[in-house]
Amino acid sequence: MTPAAGKANRKIVINRPSACRDGLVTISCMPESRVSRNSLIALLLLYAVARVLQLFPEQVPTLLIVVLHVLPPSVFAAIHGRRIYGVRGILVFFALCLGVGSFCESLSLRTGFPFGNYYFTAVMGPKIFSLPILLALAYVGVGYLAWIVATLMVGARQGSRAALLAVPLVAALAMCAWDLAMDPVWVNIDRAWVWRDGGAWFGVPLTNYFGWFLTTWVFYQAFAFWLRGRRSVRSVSRGWLRKAVLFYGMVAAGNLLLAFPSAVPASFPKWTFDAMGRRWLTADLNGACILISLFVMAPFALLAWEGASGYGRSPGAEAYSRAELERVIVVQ
């Protein structure tokens with residue numbers, strides 16, 4: 001090997017414990033692929049377009065809006081999660097979300113447990129055994145965003161009790177906040193599904209939210225157990241993590257667009273009724289969604305954004321060239 005080749009292949013070792021934080025996500029100064037980074041940005045923009053299209057319900061097909069709500073977060077999760085957890089890790093996460101989510105939804109459609117008694121209309125597209133395919137995928141996309149948000153909020157060390165127990169609980173709460181905000185709108189205005197017995201929360205039964213918490217906690221807890229003791233967590237930058245937080249924040253911000261009058265068709269009645277005949281003011285449905293997005297989901301995103309500050313590159317590493325940074329190994 002020539003001296004030049006040896007120099008080109010050498011690895012820089014930074015023996016600096018403060019350079020890393022050993023949480024569920026371990027950070028080093030290895031840059032991300034430009035293609036992956038641009039893909040994430042494109043998916044964020046595509047989702048933003050989908051939320052704007054929601055302001056034109058009479059001009060844009062509802063199914064197209066649903067597809068653009070569900071697919072960009074799911075693809076984002078695949079790209080973003082692959083870098084952190086590897087192909088095997090993100091496939092395990094997808095399998096748990098899809099498996100547990102689909103099982104619980106199918107069980108509730110037939111027995112009423114754990115969510116309650118309901119059925120889906122044709123709004124969400126093709127179904128398998130009465131369960132819309134797009135609904136199952138929704139667990140994956142926003143479910144992954146909520147997991148990253150919870151990971152950054154808790155900031156626990158990998159393998160610790162907090163990482164094993166607290167992160168799944170917080171992630172389940174972040175998912176429930178999303179469902180608490182959007183369920184009344186999708187039920188009463190979009191008519192995507194129907195609760196047979198109505199419910200106390202704008203026609204949605206409270207059992208739905210206990211069911212959501214249970215379902216999401218189960219697959220989050222299973223993933224946390226799978227991660228325990230593994231060294232398959234990859235190195236990513238603070239900016240990479242914050243893109244997932246930004247996406248979760250965009251989910252909340254998109255709900256704020258319901259404040260625009262055009263978000264509800266002009267022909268839609270002032271009052272809406274659940275299956276038991278109880279009536280709800282349409283403006284209150286949107287108002288509740290906006291308030292929860294603003295005062296529950298947004299704080300989750302802000303706390304996670306701040307939590308990401310604890311993860312970052314070593315200041316000393318900035319002195320190296322980009323080519324050298326690609327070969328940096330951080331030794332704890």
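The values are calculated or read from the model by the stated rules, or taken from the named source; none is laboratory data. Computed from a predicted structure; not experimentally measured. Cβ coordinates were reconstructed from backbone atoms using ideal geometry, including for glycine residues, and neighbour counts include every protein chain displayed.
For the range 66-84, enumerate the residues that are within 12 Å of the chain's Cα centre (by Cα) and β-branched (V, I, T). Once the filter is applied, which keeps residues that are within 12 Å of the chain's Cα centre (by Cα) and β-branched (V, I, T), the range 66-84 yields V70, V75. Comparison of L285, L302, L256 shows that the only residue that is free of Cβ contacts under 8 Å to residues at least 60 places away in the same chain and either over 27 Å from G155 (Cα atoms) or touching a strand residue (DSSP E or B) at 6+ places or on another chain (Cβ under 7 Å) (or both) is L256. When the range 108-136 is filtered for residues that are assigned to a helix (DSSP H, G or I) and either surrounded by 24 or more Cβ atoms within 10 Å (Cβ to Cβ) or out of contact with any helix residue (DSSP H, G or I) (no Cβ under 8 Å at 6 or more places or on another chain) (or both), the ones remaining, listed by number, are L109, R110, T111, I133. Every test in (1) modelled with pLDDT of 95 or more; (2) in contact with a helix residue (DSSP H, G or I) (Cβ under 6 Å, 6 or more places away or on another chain); (3) under 26 Å from L256 (Cα atoms) is passed by L173 save one, and that test is (2). If you go through the range 243-291 and keep only what is assigned to a loop (DSSP other than H, G, I, E, B) and out of contact with any Lys or Arg (no Cβ under 6 Å at 6 or more places or on another chain), you end up with F260, V264, P265, A266, S267, F268, P269, K270, D274, M276, G277, R278. Restrict the check to the range 163-184 and report whether at least one residue is within 21 Å of F76 (Cα to Cα), in contact with a Cys (Cβ under 8 Å, 6 or more places away or on another chain), part of a helix (DSSP H, G or I) and of a type in the set (V, I, T). Within the range 163-184, not a single residue is within 21 Å of F76 (Cα to Cα), in contact with a Cys (Cβ under 8 Å, 6 or more places away or on another chain), part of a helix (DSSP H, G or I) and of a type in the set (V, I, T). I'd like to know if the range 182-194 contains one or more residues that are among the small types (G, A, S) and surrounded by fewer than 18 Cβ atoms within 10 Å (Cβ to Cβ). So far as the range 182-194 goes, no, none of its residues is among the small types (G, A, S) and surrounded by fewer than 18 Cβ atoms within 10 Å (Cβ to Cβ). It is to be established whether one or more residues within the range 188-205 are over 19 Å from the mean Cα position of the chain (by Cα), in a helix (DSSP H, G or I) and touching a residue at least 40 places away in the same chain (Cβ under 8 Å). Yes; the residues of the range 188-205 include at least one that is over 19 Å from the mean Cα position of the chain (by Cα), in a helix (DSSP H, G or I) and touching a residue at least 40 places away in the same chain (Cβ under 8 Å). With respect to the conditions (1) under 15 Å from M182 (Cβ atoms); (2) surrounded by fewer than 16 Cβ atoms within 10 Å (Cβ to Cβ); (3) of a type in the set (S, T, Y), S262 lacks only one, and its number is (1).
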